[in-house]
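One structure is given here, and the rest of the page talks about it.
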Amino acid sequence: MSLLRLALVSTALLSLSGVAALADDENARLLIKSSDRSQEKEWTPERMEKATPMGDLTVDPAKIKAAGDKLRAARKEGPPGSNPGATPDSSARAAGDVKDYPLDMAGKLFFRTSKGDFVCSAQFVGWNMLLTAAHCVQDADTGEYFHDWIFALQYNNGKYSKLYRATDCVANKKAWSQPDDSKYQVDYALITTDAKSKYGYFGTAWNWDGNYKEAYKIGYPAGVNKGETMEVVHGPITIEDGIVKMVHGGNPNQHGSSGGAWLAPWSTNVDEEEKNYVISLESHGRGEDGVTYGPYFDDRFANLFDYVENGCQ
């Protein structure tokens, strides 16, 4: 763990009320055993094509505000922190690229629920770690974890460079399954994979308020070529009540882009430093065309990241 991240976690712990931590700082996990993986049904191209794009969540802005008031009363934000991304050397990147940097580290996440097969967007944020939305791994109302996750890196019109399976651990915050709308502040999850990313991973940043005024949003919305190609849009961002708002003017049908990264500052130059940090992700809409919302990454996100990076211990 870097000194910056160690300082962040220490500050976060000191700022929490109670003996150890607030309930919404606790992590939840699903441990995936080898026996579970052996019982997975095969994901054929036909099943992948028929998977339903995960739809927008329904939120009540008044309840979001109340949850934001509760957040401000309960905690003091820690210092800004970040975890830089990484890429292999140029020779490793030369073969098999189907999309340019930085999109080559993202793709589609398929999974099964009691209601059928679904698909979200996701991306690597570690050599063996994916980031997506919490509502792509767990039903907030029932607490049920989904299953049989596979990640199609660089998905494009039914083709992809490599398939990854979820292995060992799927983790999110326990607050995601709480009844009040504070859950939308933590609509993110991390998934460990059975193989290393071929093309590197995005960096992540938290407690970044004041550092970024706009961001780029990537994902696979059903309204763009039926979700078969990645959409990249950008626009100004604002933070309110622990939620990030982006006005991007993209296609109104964002089903399937859940979990897609919001990146800042944007760069297509792999050699440039301080670029393409994931600062939020696609969580929900509120009936406004071209406007979407995502969780603001704070100390809780950093805590979850460290938790998964350390083997979900």
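Rule-based calculations on the coordinates, nothing more; no lab input. Remember, predicted model here, so these are calculated numbers, not experimental data. Don't worry about glycine lacking a Cβ; one is built from the backbone with ideal geometry, like all the others, and counts go over all protein chains shown.
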- Rank the residues R72, R165 as a footprinting-exposure proxy: fewest other Cβ atoms within 10 Å of their Cβ go first. R72, R165
- Task: Filter the GluC sites (Glu not before Pro) in the range 260-313 to those in DSSP coil with at most 14 other Cβ atoms within 10 Å of their Cβ, and list the result.
- Result: E272, E273, E274, E288
- Item | Flagged links, alpha-carbon separation over 24 Å, of K50/K159; K50/K198; K217/K275 | K50/K198
- Note on the structure: Kirkwood Rh over alpha-carbon pairs of the range 132-270 plugged into Stokes-Einstein at 20 °C, 1.002 mPa s gives a D in µm²/s of 129
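For K33, K63, what ranking results if the residue with the fewest other Cβ atoms within 10 Å of its Cβ goes first?
K33, K63
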- Query: Is the shape of the range 118-214 rounded, prolate or oblate, going by the alpha carbon gyration tensor and its root eigenvalues a ≥ b ≥ c, with a/c under 1.5 for rounded and a/b larger than b/c for prolate?
  - Reply: oblate
- Message: Less than 18 Å apart at the alpha-carbon level, and either on another chain or at least 8 residues along: which aspartates and glutamates does that give for K213?
- Response: E240, D241, E274, E282, D298
- Query: Which value does Rg/Rh take for the chain over its C-alpha atoms, Rh per Kirkwood?
  - Reply: 0.93
- Query: With each label point set 7 Å from Cα along the Cα-Cβ vector, what nm distance links K115 and N310?
  - Reply: 3.6
- Semi-axes, largest first, in whole Å: what does sqrt of 5 times each Cα gyration tensor eigenvalue give for the range 232-271? 19, 15, 10
- Item | Cα shape, the range 233-313, gyration tensor, a/c 1.5 rule | oblate
- Task: Between E77 and E288, with labels modelled 7 Å along Cα→Cβ, what's the label distance in nm to one decimal, could you check?
- Result: 1.9
- Message: How would the range 97-156 be classified by its alpha-carbon gyration tensor: rounded, prolate or oblate, with rounded meaning a/c under 1.5 and the a/b versus b/c comparison settling the rest?
- Response: prolate
- Message: Rounded to the nearest 20 debye, what is the charge dipole size of the chain about its Cα centre when +1 sits on each Lys and Arg Cβ and -1 on each Asp and Glu Cβ?
- Response: 380
- Message: Going through the cross-link list K108/K162; K115/K196; K183/K226; K41/K108; K41/K162, which pairs have a Cα-Cα distance over 20 Å in this structure?
- Response: K115/K196; K183/K226
- Task: Report the antiparallel proportion of the DSSP beta bridges in the chain as a percent, rounded to a multiple of 5.
- Result: 95
